[in-house]
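Report on the structure given below.
The values are calculated or read from the model by the stated rules, or taken from the named source; none is laboratory data. The structure displayed is predicted, hence computed values, not measured ones. Cβ coordinates were reconstructed from backbone atoms using ideal geometry, including for glycine residues, and neighbour counts include every protein chain displayed.
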Amino acid sequence: MAAKSDSELGKVYADGETIIENAACEPEIRDFGDFFNAMGANITGHGTPTIKIEGVRNLSAVTYTPIPDRIVAGTYMCAAALTGGEIEIENCEPTHLRIVMEKLGEMGVSLKTLTGGNILATGCPDPVIKFFFRVFSRFLTAF
C-alpha cells in the first residue's frame, strides 16, 4: 500500500497522464486520493485496480481529516473476542470492517453498530476461537 501511495505522490507533479494498473484497493488508498484531490490533484480510480493521475503544477494546503484506522479498530475487536470483554470503539467506519466483523460474528462475538460510526464488541464468556489462515485471507491484508 505504501508503494502505491509513494507512486501516486511522485506522479501528481508529472507531465501528462500516469496510469497505475493492479493498484491496491484498500480504503486508505481511496482516502489518500481524496486528500490529494482536495489539494488540487487530478486523481481518478483511487480505490480501484486502475488509478489515473493527470499531472498538475501546484497543490494547495488544506485541512483534511483522514479516515479512521481500520486495523486498530479490528485489533480492539479481537481483544474483546479473546478476553470475553466488551469494548465500544468510537469513530470507526463499519463498512471498512465488514469482513472482520463477519468473521468475528461467526466466532460468537456480538457486534453492534451504534450511532456515529461506533461499534460495540462483546466477546463470548468462554471464547472458543479457531483461526484459519489462507493466502489472501481477506481478514486483514494490509500488514
Subset of segment 48-104 (residues that are among the β-branched types (Val, Ile, Thr) and assigned to a loop (DSSP other than H, G, I, E, B)) | Thr48, Thr50, Val56, Val62, Thr63, Thr65, Ile67
Which of the residues spanning segment 8-43 are modelled with pLDDT under 90, in a helix (DSSP H, G or I) and loosely packed, with under 15 Cβ neighbours inside 10 Å?
-> Leu9, Gly10
Quick one: in segment 115-132, of everything that is under 20 Å from the mean Cα position of the chain (by Cα) and over 16 Å from Tyr76 (Cα atoms), which residue is modelled with the highest pLDDT?
-> Thr115
Six or more apart or on different chains, Cβ under 8 Å: which pairs go from a residue in segment 87-107 that's under 15 Å from Ile71 (Cα atoms) to one that's of a type in the set (Lys, Arg)? Could you list them?
-> Cys92/Arg70; Glu93/Arg70; His96/Arg70; Leu97/Arg70; Ile99/Arg138; Val100/Arg70
Output for segment 67-87, where each listed residue is surrounded by 13 or more Cβ atoms within 10 Å (Cβ to Cβ) and closer than 26 Å to Arg30 by Cα = Ile67, Pro68, Asp69, Arg70, Ile71, Ala73, Gly74, Thr75, Tyr76, Met77, Cys78
